[in-house]
Every structure is written in structure tokens, then in C-alpha cells.
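The values are calculated or read from the model by the stated rules, or taken from the named source; none is laboratory data. These figures come from a predicted structure and were not determined experimentally. Ideal geometry is used to build each Cβ from the backbone, glycine not excepted, and the neighbour counts take in all protein chains shown. The protein model used for the area step is the full one, side chains on, heavy atoms only, and it has no ligands, DNA or RNA in it. Shrake-Rupley method; radii C 1.70, N 1.55, O 1.52, S 1.80 Å.
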Amino acid sequence: MKTWVAVTVIFLAVRSVFAAAAASVFDAESARIDPARAEVVRQESFRGAQGVTLQRGLTANVDAPKAEPDLVFKIQVQKAGRYNVATYAATDEVGTELMRKARSKFESLFLRIQVGGQRPTRRVVFVPWSKPELCYQHTGTFDFSGPTEEVRIWLPVGVRLDRIEVSPYVPPAVPKDAVAYRPTIVPPATHPRLWVDAASLAAIRTNLNHPENKPYWDKVRALADQPFAFRPPPDAEVAYNTALEQAALAKAFCHLVQGGRPLGREAVELMLAYLPRVEFGNLLDITREIGAAIYAGACVYDWCHGLATTEERTTLRRHLMRLAEEMECGWPPFKLNIVNGHGNEAVVNRDLLSLAIALHDEDPLPYQYCAYAELEQLVPMRRFEYQSPRHNQGVSYAAFRFGWEMHAAWLFRRMAGREVFDPNLKQVPKYWLYLRLPDGEMLRDGDGVPGGKYWSYAQTALLCYAYNRDPILKGEFLRQGGLPKNPVLFLLLNDPSLKAEPSLAALPLTIDFGPVLGGMVTRTGWTMGADSTDVVAEIKGGGYHFGNHQHADAGALQVYYRGLQIAPLAQYAFYGTPYDLNFAKRSIAQAMVRVVDPQEPILRKLANDGGTRFIQSNPRTPQQAMSDPTFNNGKVISCSFGPNAQTPDFSYFAVDLRGAYTDKISGYVRRFVFLNLHRPGQPAAMILVDDVTASNPAFKKYWQLTTLQPPQATSAGVRLSNERGGKTGRLDVSLLQPSLNDRTLEIVSGPEVHRVDGKLFTPPTPTAPEANGHRIVVSPKKPRAHDRFVSVLQPGDGAPLPVEHEEIGDLEIVRVADRIVAMAGGAEPVSRAFELTVPAGVRQVVLAGLAPGLWRVSSARQPGRDAVIAPRQNTFWFEAQPGNYRVLPVRAGQ
């Protein structure tokens with residue numbers, strides 16, 4: 001997972017937290033400056049056009065605890081209390097070069113600060129992704145002992161300090177309903193209660209030496225039995241120590257499952273030495289490391305509860321709560337939104353919830369707040385969202401965040417003896433199973449989907465297969481190599497009696513992702529490996545938009561055959577960069593339709609790419625999602641596959657995408673049919689129909705495909721290609737409408753791929769395939785309000801099969817191989833009678849986009865057959881003999 005977040009997002013979020021309390025400003029040049037070390041310099045980007053820096057040639061004393069400070073501020077505040085401190089700084093040429101070479105947040109520039117008589121502490125003053133002219137950093141929250149306090153600063157090399165700002169600390173507001181909230185599900189009065197109850201603890205003990213669990217158990221025992229030397233200096237802070245936390249956790253787990261005092265007591269003593277001294281500072285996303293320390297401390301507190309004295313438990317509670325305040329969600333834990341963003345990660349779902357459960361008998365307030373966030377905010381939202389068995393944050397971030405939700409689901413289930421999340425939670429892992437490609441990679445979705453390897457989400461897979469008792473998911477977990485880095489979690493959850501299923505073949509070939517996150521993934525088989533000849537296709541659209549890492553990709557198409565043939569061109573490195581917001585997250589990086597209104601208002605005045613609305617906010621409740629048009633992402637009209645649901649010969653998806661765009665579009669329906677042809681070398685054919693009406697005929701329409709390898713223009717359209725297992729696969733695209741004389745086709749390659757609205761945006765990894773991809777752009781020559789784009793896509797190893805096409809009013813009729821598809825072409829379903837001629841050589845007919853109701857198909861050679869066309873299915877399939885057929889509605893649906 002990438003942990004860098006754009007300074008623009010963090011800056012705005014942090015500043016908004018402190019905006020309620022006015023800040024007092026203290027310019028660096030007004031401080032007491034050590035003339036032997038620091039000097040005032042000119043800096044035009046500063047508020048007063050000057051600041052303070054170390055003199056050239058000097059070494060920083062940031063890590064010299066006995067050195068005198070470079071600057072001393074006399075800070076005046078209204079009264080003693082807790083205050084936020086922030087810095088504004090720039091870099092000189094040395095610092096700018098250091099930041100240019102930096103490759104992670106750990107290469108940020110640090111100063112040392114001391115407030116009053118408190119311990120000096122290292123804090124970030126400048127980050128690599130900031131502009132050299134100015135960088136804002138929230139330094140931390142400190143106790144001021146009186147109305148006048150000294151703040152001492154030790155500067156790093158390369159930094160010019162403009163000022164510090166001090167504002168009263170205001171804890172996050174507690175929602176009104178949470179103030180008097182009384183959870184109906186509460187922890188038991190006895191310990192242990194984290195991860196275990198009596199029955200599960202007995203089973204965990206029984207399974208420790210089972211051949212499936214023993215390697216993990218041996219690893220935990222080896223770690224627990226090894227003495228951990230930790231002798232911190234008495235007066236200094238210590239940096240976070242993951243090894244110590246893991247050692248304490250292992251020792252506490254051994255005490256949990258084996259009993260005995262020594263190892264449990266070692267765990268308690270490690271935490272007593274560590275928690276009062278550890279400081280995490282203000283490093284970006286450090287909340288994850290803070291949370292890991294809280295979680296380890298909570299487990300030790302709960303599992304070794306009887307081994308600590310009352311005084312020791314008081315010390316542990318005090319410092320666990322101190323760290324809780326430093327979390328990104330703050331304390332009370334309501335600064336962040338628990339249904340999306342960082343607030344939906346471990347902060348509450350694992351870390352603070354574990355703390356709250358562990359401390360409940362001595363302090364019930366943390367559990368009151370955490371239970372409210374989980375049970376009254378998160379659980380209802382997920383009950384709504386998971387009507388679609390997928391996650392809105394994309395493959396990578398979804399696995400990360402959903403894994404933390406699964407921690408919460410497990411903690412409640414083991415603590416309360418029942419499930420608190422809706423059962424539809426168990427369907428979400430289908431998302432990752434179906435997006436798996438034959439070569440081990442994943443279909444692209446959202447930010448940060450890695451390529452080039454078998455993509456792993458092992459910890460989330462463990463949590464899910466154990467919760468669901470799903471043998472297919474357990475097989476997937478084993479293919480990902482298990483979880484050697486978290487043996488305690490594996491031993492807490494794995495049941496060896498659940499046998500893994502090594503194959504995915506039992507899964508149906510097509511999945512309907514439902515109404516909330518609409519889409520369909522279909523394939524010709526479940527053969528895995530680089531030499532697989534299976535085709536995989538995805539079509540998206542319909543439902544709601546949830547912002548953050550979700551892309552503006554309603555209607556987007558992806559196709560895999562011997563490699564990705566149609567795929568997004570987005571890369572992800574840093575959130576919120578110009579490339580990220582203007583290209584990667586936008587429709588222009590996807591295979592979809594764009595309509596350019598030159599006057600369209602775009603979020604934050606970003607580039608106008610002509611795509612769907614770009615949304616970064618998210619709904620907090622089901623009611624807000626359904627009622628606020630901001631989050632409208634279109635509506636699924638149909639998803640149907642058959643005649644055999646397990647191995648369908650056809651899969652059909654239709655979506656009304658009007659709601660995903662601004663009012664530049666007055667109507668847009670995208671329809672997609674996937675045919676499994678069962679022919680070696682020509683495994684499938686796809687038909688794509690886009691019926692688009694712009695609100696102004698002058699608005700230019702662009703029908704676009706995106707591909708990773710150089711495409712080749714053909715007489716029929718374009719040929720794409722890719723290679724896996726030493727063999728080249730092709731995807732031939734026949735453009736049936738607009739006609740050759742009524743369209744332009746442009747293949748955009750090189751840097752121009754990333755030009756949006758006249759501006760070039762540089763991808764972060766120039767050598768990645770996505771940085772060197774191509775856009776195939778088709779546009780009608782004549783301006784008009786309404787246009788229809790019709791195409792046939794054929795993956796294969798050689799020449800494509802012949803295609804016959806006929807348009808009859810609102811019907812698009814396509815013949816390929818031994819199939820005929822008669823599909824609605826317009827915005828409305830077909831509700832009239834029509835004639836259909838089936839020539840020799842055709843054996844199957846698919847009628848798609850029929851209005852609901854009773855329909856009859858008849859011919860001279862075959863008796864009439866009736867079919868009830870269901871809403872959201874809108875299809876009829878039949879085996880055909882040559883001849884003329886009449887298709888007519890008998891009775892409209894109710």
C-alpha cells in the first residue's frame with residue numbers, strides 16, 4: 001500500500017480541524033536566536049518575507065540531546081492547557097535537493113522541539129512532496145503549563161523556518177446520538193475477551209499442534225521464548241519499535257493458550273517500559289504505527305490482565321489513551337469518517353475497538369464511542385453497500401480496508417457470540433475472486449492495482465475464509481503463500497477441519513455485481529496460468545459513487561486475452577497530484593464515452609476531460625447515497641446470463657449512465673453482450689452499443705478504448721494485441737457505427753496520451769506499461785445531438801470471424817459465428833413486434849433489451865414459444881433452425 005497522501009488533502013484536512021480556534025502566530029525572526037548557529041534570511045514566500053535558518057557549514061543538533069536550541073520562542077497563551085503547534089517552512093537549495101532525491105516519507109526533514117519542561121521530540125518540518133517555497137506541518141499537541149511557555153527549536157540543515165502557530169486544542173466533537181448511547185452488545189465482565197470466548201479458546205488450544213497450524217505455532221513460540229532486551233534511557237523518548245510490539249504480542253498469546261506466569265509477565269513489563277516513552281511524532285500516516293502499538297498493548301492488557309497490578313493497569317490505560325488522542329481520528333474517535341477514507345482502516349475497526357473492549361470494565365466510555373461508530377454508523381452503511389458483492393475503493397485499497405472491517409466483525413463475533421454485520425458481508429470476497437486474471441494479476445479497479453505478479457491479499461483472505469468457512473477462499477489464501485508475518489492471527493482464526501479447495505472451477509463464469517456498485521465480470525473459463533486461453537471481460541456502471549480511491553469510470557470496459565487488451569492507463573503513486581486528479585482518476589484514462597462541454601464546471605477547476613462527474617466526497621448514510629444526486633452513478637437496467645447460469649453461453653449487461661454525467665448529456669445507455677463461442681483460437685465475441693444524446697449538438701463525443709500495446713488500424717476498425725506465455729493474443733474491434741465515412745479514428749500515443757484539456761500530465765513511473773499506453777478515439781464527423789456507436793470485439797489468435805450487422809430502427813442485429821444477437825439499440829427497451837431471419841449455420845439466438853412482459857417467438861417451421869421477460873433480465877435465448885421468426889409482445893409486464 002502506498003502511504004503518501006497529497007499535501008493538498010492533508011493540509012486542508014488538518015487546517016480545518018484547527019480552524020475553530022484562532023491561532024497565535026510567532027515569526028521565527030522574533031524568537032531568541034543563537035547567533036553562533038542561526039541567522040535571519042530573506043524568503044519571499046514567507047509572510048514577512050524573512051525567516052531563520054542554520055548558518056552555512058554547520059551540522060544540525062536535532063539528534064544532539066545536550067545541545068542548546070537554535071531558537072527559543074516565548075509563547076503567550078490565555079491559560080494553561082493543551083495546544084496545537086504547527087510550523088511553516090521552506091527549503092534552501094540543499095534541502096530542495098534532499099527532497100528531490102527522497103523516495104519515502106521517512107526521508108522527510110525533522111526538527112527537534114521542546115515545549116516547557118517536557119521531553120524534547122523529533123517532528124517533521126518538511127516533506128518530499130511539498131513545493132520548496134512553503135510547507136505546512138502540524139507539529140503536535142502539547143501541554144502548556146502556564147500563560148507563558150518557552151518553546152525551543154533545533155533546526156535541520158536545508159530548512160528555513162517562517163513561523164510557528166499555536167492554537168487551543170479542541171477535541172473532536174462527539175455526535176449527539178453518541179453522547180447518551182448505550183450499546184446493547186457489551187463485553188463480558190471477565191478476561192480474556194479479545195478474539196476469544198471459552199469455546200473458541202478451547203478450539204485454538206486444540207489446534208495448535210495440528211500439521212496445518214504447527215509451523216505458525218512454532219514461529220510464535222520461538223519469538224516468545226527469546227528474551228527481548230529493551231533498556232530505554234530514562235529521560236528520552238523512544239521511536240516506535242515493531243519488533244518489541246510483536247515480541248510482547250507473542251508472549252501474551254503464549255500465556256493466553258498455555259497459561260503460566262513468566263511469558264505473560266514479560267509481555268506486561270515490555271509494555272510498561274515501552275508505552276510511557278514511545279513517541280510517534282507527526283510523520284505522514286503514522287496513525288497506522290500508533291494503532292499497531294495500541295493493538296498490541298490492548299491484547300497484552302486483556303490476555304495478561306490478571307498478571308498486572310492495579311497500578312500497572314492504570315499506567316497502561318493512561319498511555320493507551322494518550323496514544324489514542326494522537327491517532328488520525330483523534331479522541332473521541334470522530335475526527336474521521338468511519339465509512340470511508342483512513343477512518344475506515346484499522347484506527348477504529350481494530351486498534352481502538354480492541355482498546356475499548358480490553359478496558360471496558362475499568363473505563364466503559366471508549367467502548368461506548370467505538371460501539372456507536374461501528375454499530376450505528378458503519379454497520380448500517382455496509383448493509384446497504386454490500387448489496388453489491390464488491391468494494392467501492394478498488395482492488396488494492398478495498399482489500400486493505402475491508403480487512404480491517406473483518407477485524408471488527410471478528411472482534412464482535414468472538415466477544416458477543418454472534419455476528420453484528422449483515423450476512424451480505426460474506427459475499428464481498430467474490431469481488432477479488434472474479435477480478436482475478438489467468439496470469440495472476442487483477443482487473444484494474446481504483447488506485448494502486450499492481451501488475452507483473454500474482455497479486456496477494458492474504459491477511460484479508462484469511463479473515464474472510466475463516467469467517468465464511470469458505471474452502472475456495474482458503475485455497476486462494478494458500479496460493480498467496482499463507483500469512484507467515486502474522487502467525488498469531490492465523491492461529492486465532494484457522495480451523496484445520498476446513499479443507500481448502502484448490503480450484504476456482506466451481507464458481508459460475510459470470511457475476512452480477514448488483515444495484516449499488518453495478519457491473520458484470522464474465523469469462524470463458526477458470527483456467528489459470530500464463531498459457532491460459534480464457535477471455536475475461538468487465539463492464540461497469542450504475543449505482544452510487546463513493547469517492548476517495550474510486551475512479552470516474554462508470555461504463556468502463558476491460559478485456560483480457562493472453563494479457564490485458566483493453567485496460568485503464570492510470571498509475572498510482574501519490575494521492576492528489578496533478579497527474580492523479582487530472583488523468584489517473586478520470587474518465588480519460590478509461591475505455592468509455594466522453595462528451596466535452598467546454599463550459600462544464602469541474603471540481604477544483606481541474607482539467608475538463610469530458611468524462612463522468614469527478615467526485616471525491618462520499619455518502620455517510622444509505623439515505624444520503626440514495627437522495628443526493630451528487631452520488632448518482634447511473635442505474636443498472638439489466639444483467640442476465642444463460643441459458644446455464646454456471647457456464648453461460650451469453651452474458652448481457654445494460655446500464656443507464658445519464659446520472660453519472662452532468663447535464664451535458666440528456667440520455668446515455670450502454671449495452672454489452674458477451675458470447676462464449678467455445679471455439680479454439682476464437683473463444684468469444686462481444687457486442688457493445690452506446691446510445692448517446694448530448695444536451696447540445698455542438699458538444700463533441702468521443703468513444704474511446706485504452707490499451708497497453710501499440711494498436712494497429714484495420715479496414716474494419718482497430719486490432720489490439722498482447723502476449724502471455726510466449727503467445728500473442730489479439731482483439732479485433734469492428735466499428736459498425738458510425739460508418740467509415742461518418743467517423744474519425746485517432747490513435748493517440750506517446751506523451752500525448754496524457755494530455756487533458758490542452759495540458760500534459762506526467763505519469764509517476766515512466767517505464768510502466770500504463771505510462772506508454774494508447775488511446776483509440778472515435779468521433780462522429782458531423783455535430784448532432786444523438787449518436788449511436790456499435791462495435792464488435794473478437795479476441796483470438798488469428799483472423800477475426802466475419803460479422804454481419806443490420807440496424808432496424810431501435811434494433812441492432814449482429815451475426816457472428818453461429819450466433820445472432822438482436823439487441824435494443826436505443827435508450828428504451830424494445831416493446832414492439834419485429835421480424836428476424838435466421839440463416840443456415842446459426843444455432844443460437846439472443847434477444848436482449850426486451851421490455852418486461854410475456855413475449856412469443858414463432859416461425860413456420862417451429863411451434864410458437866412463450867417466455868416471460870423479467871425486469872432487470874430483459875433477455876430471451878433460444879436454439880434456432882433456419883427460417884423467418886416473428887417476435888412479438890403478448891402482454892406487457894406489470
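Looking across ASN608, ASN618, one residue alone is in contact (Cβ under 8 Å) with a residue 60 or more places away in the chain, out of contact with any Ser or Thr (no Cβ under 9 Å at 6 or more places or on another chain), more than 25 Å from PHE789 (Cα to Cα) and buried (at least 17 other Cβ atoms within 10 Å of the Cβ). It is ASN618.
Listed here are the residues, each with its yes/no results for (1) open to solvent by 40 Å² or more (accessible area, probe 1.4 Å); (2) assigned to a strand (DSSP E or B); (3) touching a Pro at 6+ places or on another chain (Cβ under 9 Å).
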| residue | (1), (2), (3) |
| --- | --- |
| VAL842 | no, no, yes |
| LEU847 | no, yes, no |
| GLN862 | no, no, no |
| PRO871 | yes, no, yes |
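Just to be sure, is GLY440 closer than 25 Å to SER532 by Cα and either charged (D, E, K, R) or at pLDDT below 95 (or both)? Against the criterion (closer than 25 Å to SER532 by Cα and either charged (D, E, K, R) or at pLDDT below 95 (or both)), GLY440 does not qualify. In summary, PHE402 fulfils each of the numbered conditions (1) out of contact with any Phe, Trp or Tyr (no Cβ under 6 Å at 6 or more places or on another chain); (2) under 28 Å from TRP303 (Cα atoms); (3) open to solvent by 10 Å² or more (accessible area, probe 1.4 Å) with the single exception of condition (3). Screening the stretch 267-302 for residues that are open to solvent by 10 Å² or more (accessible area, probe 1.4 Å) and hydrophobic (A, V, I, L, M, F, W, C) and picking the one that is farthest from VAL85 (Cα to Cα) gives LEU270.
What residue, among those in the stretch 866-893 that are charged (D, E, K, R) and touching a residue at least 40 places away in the same chain (Cβ under 8 Å), is nearest to PHE672 (Cα to Cα)? Please lay out each step first, then the result.
Narrowing the stretch 866-893 to residues charged (D, E, K, R): 866, 872, 879, 886, 891.
Adding the requirement that they be touching a residue at least 40 places away in the same chain (Cβ under 8 Å) leaves 872, 886.
Details: ARG872: 14, ARG886: 24 Å.
The extreme case among them is ARG872.
When GLU107, GLU133 are checked against the criterion of being out of contact with any strand residue (DSSP E or B) (no Cβ under 7 Å at 6 or more places or on another chain), at pLDDT 95 or above and not hydrophobic (A, V, I, L, M, F, W, C), a single residue qualifies: GLU107.
Going through the stretch 207-231 one residue at a time, which ones are more than 16 Å from VAL268 (Cα to Cα) and either open to solvent by 70 Å² or more (accessible area, probe 1.4 Å) or in contact with a strand residue (DSSP E or B) (Cβ under 7 Å, 6 or more places away or on another chain) (or both)?
Kept after step one, since they are more than 16 Å from VAL268 (Cα to Cα), are these residues of the stretch 207-231: 207-222.
Result: ASN209, PRO211, LYS214, PRO215, LYS219, ARG221.
Out of ASP235, ASP218, ASP177, which single residue is in a helix (DSSP H, G or I) and in contact (Cβ under 8 Å) with a residue 60 or more places away in the chain?
Details: ASP235 fails: in a helix (DSSP H, G or I); ASP218 fails: in contact (Cβ under 8 Å) with a residue 60 or more places away in the chain.
Sole residue among the options that is in a helix (DSSP H, G or I) and in contact (Cβ under 8 Å) with a residue 60 or more places away in the chain: ASP177.
Which residues, taken from the stretch 75-107, are of a type in the set (Gly, Ala, Ser) and not in a strand (DSSP E or B)? If you could, list the steps in order and put the result at the bottom.
First, the residues of the stretch 75-107 that are of a type in the set (Gly, Ala, Ser): 80-81, 86, 89-90, 95, 102, 104.
If the condition is that a residue be of a type in the set (Gly, Ala, Ser) and not in a strand (DSSP E or B), then ALA80, GLY95, ALA102, SER104 are the ones that fit.
Close Cβ contacts (under 7 Å, 6 or more residues apart or on different chains) running from residues in the stretch 457-469 that are assigned to a helix (DSSP H, G or I) to residues that are modelled with pLDDT under 95 are absent.
For every residue, the table says whether it meets (1) closer than 15 Å to ASN468 by Cα; (2) buried (at least 21 other Cβ atoms within 10 Å of the Cβ); (3) of a type in the set (S, T, N, Q).
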| residue | (1), (2), (3) |
| --- | --- |
| GLU374 | no, yes, no |
| ARG383 | no, no, no |
| GLN387 | no, no, yes |
| HIS391 | no, yes, no |
| VAL395 | no, yes, no |
| HIS407 | yes, yes, no |
| GLU419 | yes, no, no |
| PRO423 | yes, no, no |
| LYS426 | yes, no, no |
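Every listed requirement among (1) of a type in the set (A, V, I, L, M); (2) more than 30 Å from ASN207 (Cα to Cα); (3) open to solvent by 10 Å² or more (accessible area, probe 1.4 Å) is met by ALA506 save one, (2). For the stretch 683-710, taking the residues that are polar (S, T, N, Q) and under 23 Å from ALA570 (Cα atoms), the one that is most open to solvent (accessible area, probe 1.4 Å) is identified as GLN709. Among the residues of the stretch 94-127, those that are open to solvent by 20 Å² or more (accessible area, probe 1.4 Å) and over 17 Å from ILE164 (Cβ atoms) comprise VAL94, THR96, GLU97, LEU98, ARG100, LYS101, ARG103, SER104, PHE106, GLU107, GLY117, ARG119. Residues of the stretch 510-528 that are touching a Pro at 6+ places or on another chain (Cβ under 6 Å) and open to solvent by 10 Å² or more (accessible area, probe 1.4 Å): THR524, MET528. Counting only strands (runs of 3 or more DSSP E) that sit completely within the stretch 623-677, those holding 1 or more residues that are small (Gly, Ala, Ser) and crowded, with 24+ Cβ neighbours inside 10 Å correspond to 635-642, 650-656.
Considering only the stretch 544-587, state which residues are more than 23 Å from ARG658 (Cβ to Cβ), in contact with a strand residue (DSSP E or B) (Cβ under 6 Å, 6 or more places away or on another chain) and assigned to a loop (DSSP other than H, G, I, E, B). Answer for the stretch 544-587, where residues must be more than 23 Å from ARG658 (Cβ to Cβ), in contact with a strand residue (DSSP E or B) (Cβ under 6 Å, 6 or more places away or on another chain) and assigned to a loop (DSSP other than H, G, I, E, B): ARG562, GLY563, ALA567, LEU569.
Quick check, is GLY547 open to solvent by less than 10 Å² (accessible area, probe 1.4 Å) and touching a Gly at 6+ places or on another chain (Cβ under 6 Å)?
Working: open to solvent by less than 10 Å² (accessible area, probe 1.4 Å): yes; touching a Gly at 6+ places or on another chain (Cβ under 6 Å): no.
No.
Look at (1) under 30 Å from GLU97 (Cα atoms); (2) more than 33 Å from the chain's Cα centre (by Cα); (3) open to solvent by 50 Å² or more (accessible area, probe 1.4 Å) and you find that ARG163 fails only one, number (3). Residues considered: GLU746, GLU752, GLU770. Of these, the only one that is open to solvent by 20 Å² or more (accessible area, probe 1.4 Å), touching a residue at least 40 places away in the same chain (Cβ under 8 Å), acidic (Asp, Glu) and over 23 Å from LYS664 (Cα atoms) is GLU770. Residues of the stretch 646-675 that are more than 30 Å from the chain's Cα centre (by Cα) and under 22 Å from GLY514 (Cβ atoms): THR647, PRO648, PHE650.
Report, by residue number, each residue of the stretch 801-817 that is free of Cβ contacts under 8 Å to residues at least 60 places away in the same chain and at negative phi. Before you say what the answer is, go through the steps one by one.
As a first pass, look at the stretch 801-817 and keep what is free of Cβ contacts under 8 Å to residues at least 60 places away in the same chain: 802, 804, 806, 808-811, 813, 815.
Once the filter is applied, which keeps residues that are free of Cβ contacts under 8 Å to residues at least 60 places away in the same chain and at negative phi, the stretch 801-817 yields PRO802, GLU804, GLU806, ILE808, ASP810, LEU811, ILE813, ARG815.
Residue under question is LEU493, and the condition is that it be open to solvent by less than 20 Å² (accessible area, probe 1.4 Å) and more than 21 Å from ASP534 (Cβ to Cβ); does it hold?
Values: open to solvent by less than 20 Å² (accessible area, probe 1.4 Å): yes; more than 21 Å from ASP534 (Cβ to Cβ): yes.
In short, yes.
Of all the residues in the stretch 33-51, those that are part of a loop (DSSP other than H, G, I, E, B), basic (Lys, Arg) and surrounded by fewer than 16 Cβ atoms within 10 Å (Cβ to Cβ) number 1.
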